Amino acid sequence: MRHFLGIDGMAREEVAALLSAARGCREEVTRGVRRRPLEGRTVACLFFEDSTRTRSSFEIAAKHLGAEVLGWNVRNSSVSKGESFADTLRNIEAMGVCALVVRHPSSGAALLASRKVACAVVNAGDGTHEHPTQALLDALTLQDSLGELAGKRVAIVGDVLHSRVARSNIHCLRLLGARVVLSGPPTLVPQGFESLGCEVQWDLSRALAGAHAVIALRIQSERLGDGLLPSLGDYRRHWGLSIARVDRLEKGAVVLHPGPVNRGVELSPEVVDGPASVILDQVANGVWVRMAVLEACA
Ligand code: CP
């Protein structure tokens, strides 16, 4: 792979190969095997938007592979002096990095980056478009819990409209044969998502019935100002996952969330910390899938 920009357009075999490579990385690191395919090379993590999980796990993944990591912070960069996105990338590349891991608030930023530099570009989340490594780590976590995903029903609940996580997950889960149902307020799950091969179900009880997994999406409080949600309390009452709602899922079902969780909004604290939650497994799996992606691209 030259770049890793999105799940949309990938073949099932490519996704399966990355998941298999991620399992291999997990097994090696857990056994203490030190393979260093990126020894002597540098990976730059250019985050034009905040991150806890994605940035940290890319950095840890790069170090497991033997790479040096360039710490870079948009807040004290020359972006504040008006340097353009493309010039920023080209200047960092000129210092001899093998890969740019890019997060940006604008959809399409990773694709644009890939056209401006010769080194590998990895999309760490671009606007509302895609967050492809999140989809891979979610798929790995789901496979760890449920085995083969073909035929499994996965509910994605919340702000689908603005969610790059939802878009990448829809493509990835469909490639792996899962049945995807989207649920949330009609303002945040508008008609049209059926065209991606999903069921849209505005009745949460129906969406959860028979589901083997639920991916709860973060509610972005900044959306309240858009008039798309009356209040966070209203969201919690109608769409928040409580223990009672989780009990309606299939036996053995799991609850995922990309983070950061708004405790008491998308998920009750009892669900976040409860037996069905695999949220911290997702975080751990982020390291392995990012190792697989960096090794494939860099
Ligand atoms: N899941 C995710 O992208 O989290 P961060 O924003 O903390 O990276």
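Derivation of every value follows stated rules applied to the coordinates shown; laboratory data play no part. It should be emphasised that the depicted structure is a prediction, and the values quoted were computed from it without experimental measurement. Positions of Cβ are generated from backbone atoms using ideal geometry, with glycine treated the same way; all protein chains shown enter the neighbour counts.
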Ranking L204, A86, V117 by how far each Cα lies towards the positive end of the charge dipole of the chain (+1 on Lys and Arg Cβ, -1 on Asp and Glu Cβ), the top one is V117
Long-range amide H partners of A124, meaning residues 5 or more apart or on another chain whose placed amide H is closer than 5 Å, are V102, R103
In whole angstrom, the spacing between the Cα centers of region 91-138 and region 171-187 equals 24
Sorted largest first, the C-alpha extents of region 112-178 along its principal axes in whole angstrom are 40, 25, 15
Whole-percent tail of the Cα-Cα distance distribution for region 1-153, cut at 28 Å, equals 22
The Kirkwood hydrodynamic radius of region 83-224, taken as the inverse of the mean 1/r over all distinct Cα pairs, in Å, comes to 16.4
In order over region 129-137: 3J(HN,Hα) from phi, Karplus 6.51/-1.76/1.60, θ = phi - 60°, whole Hz, x for each Gly or Pro, gives 7, 8, 9, x, 6, 5, 5, 5, 5
Taking only the alpha-carbon positions of region 194-259 as identical scatterers, the Debye log10 I(q)/I(0) at q = 0.16, 0.26 Å⁻¹ comes out as -0.64, -1.26
Computed over all unlike Cα pairs, the Kirkwood hydrodynamic radius of region 241-298 in Å stands at 12.7
Along principal axes, largest first, the alpha-carbon spread of region 66-148 in whole Å comes out as 49, 32, 24
Diffusion coefficient in µm²/s returned for the chain by Stokes-Einstein, Kirkwood Rh over C-alpha pairs, 20 °C and 1.002 mPa s, is 109
Amide H neighbours of C45 at under 5 Å, excluding residues fewer than 5 places away on the same chain, with H built from the backbone geometry, are L70, W72, V101
If the label point sits 7 Å along Cα→Cβ of S20, residues of region 175-196 with amide N under 11 Å come out as none
per DSSP, antiparallel bridges as share of beta bridges in the chain, % nearest 5, sits at 5
The lysines whose Cα lies under 30 Å from the Cα of K152, excluding any fewer than 8 residues away in the same chain, are K251
For the pair A284 and E194, the simple spin-label estimate (label points 7 Å beyond Cα toward Cβ) gives in nm 4.1
Filtered hits (aspartates and glutamates, Cα-Cα < 17 Å from K116, offset >= 8 within chain) -> E83, D87, E93, D126
For W239, W72, ascending order of other Cβ atoms within 10 Å (fewest first) is W72, W239
